């Protein structure tokens, strides 16, 4: 089973590479690079289990968890200007998360406060995508990371289903790709732009950009409101020009890069 999981994780590089290529001109490129690094770390954990059955891979597992949290936090700075500078914040976060290894002189010495901090970092990243189309995949990632944290803390024996969390994680890139690719098309260009953006950037940025669009619509006198699931008309009367609505949303989202309903690749 360990070999199968390791191969599945290797195969997961394909949808990740597709996502990186599709978002290479957006501000999600750098969070995806962090995610790519985290994925390589998880691949390392899986192959250690293949090469050393029954061995302990605490350092590699902890590093993979830290990089996974950093990838989620990187999304919160994914806006121009400042997207590149946010990497310094993420590097600082990684340094703080790496203190248990540094303090242990190469051995993992994880204290309760550090466990809570890592768990909080991962939880914030998961919650950001929970109300999006990627919500189920975020829950699976949370389950996989949670299982690994329980193993690190000794609450689960290291030899008890060591492949389970990696199997769950190995499914997520494919499931996310399918979820985005199978989204039912919307007739409204504004809805297509909004849902593509919402599902890729998550709750925090989604709420802020939704509020900005609604303020612009209010000042323009348009009887519409952008809600979490799309555009809604709020008053009786002729709807605004669809091209003007789409242009306004594009202007609101311009700091994040080119938008497309096919951004998922």
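The values are calculated or read from the model by the stated rules, or taken from the named source; none is laboratory data. From a predicted model like this one, the values you see are computed outputs, not experimental measurements. Note that we place each Cβ from the backbone using ideal geometry, even for glycine, and neighbour counts take in every protein chain shown.
A few comments on the model shown:
- Of 34, 42, all but one fail to be over 20 Å from residue 202 (Cβ atoms) and assigned to a helix (DSSP H, G or I); the exception is 42.
- Filtering 48, 20 for residues that are over 13 Å from the mean Cα position of the chain (by Cα), closer than 23 Å to residue 166 by Cβ, in the same structural domain as residue 167 (by TED's automatic domain parsing) and modelled with pLDDT under 95 leaves a single hit, 48.
- Among all positions in the stretch 198-208, there is at least one residue which is more than 29 Å from residue 10 (Cα to Cα) and surrounded by 19 or more Cβ atoms within 10 Å (Cβ to Cβ).
- Scanning the stretch 228-265 for residues that are at pLDDT below 75 and more than 27 Å from residue 177 (Cα to Cα) yields one hit, 237.
- Condition broken by residue 251, with the remaining ones in (1) farther than 19 Å from residue 23 by Cα; (2) surrounded by fewer than 14 Cβ atoms within 10 Å (Cβ to Cβ); (3) outside the structural domain of residue 141 (by TED's automatic domain parsing); (4) over 19 Å from the mean Cα position of the chain (by Cα) satisfied: (1)
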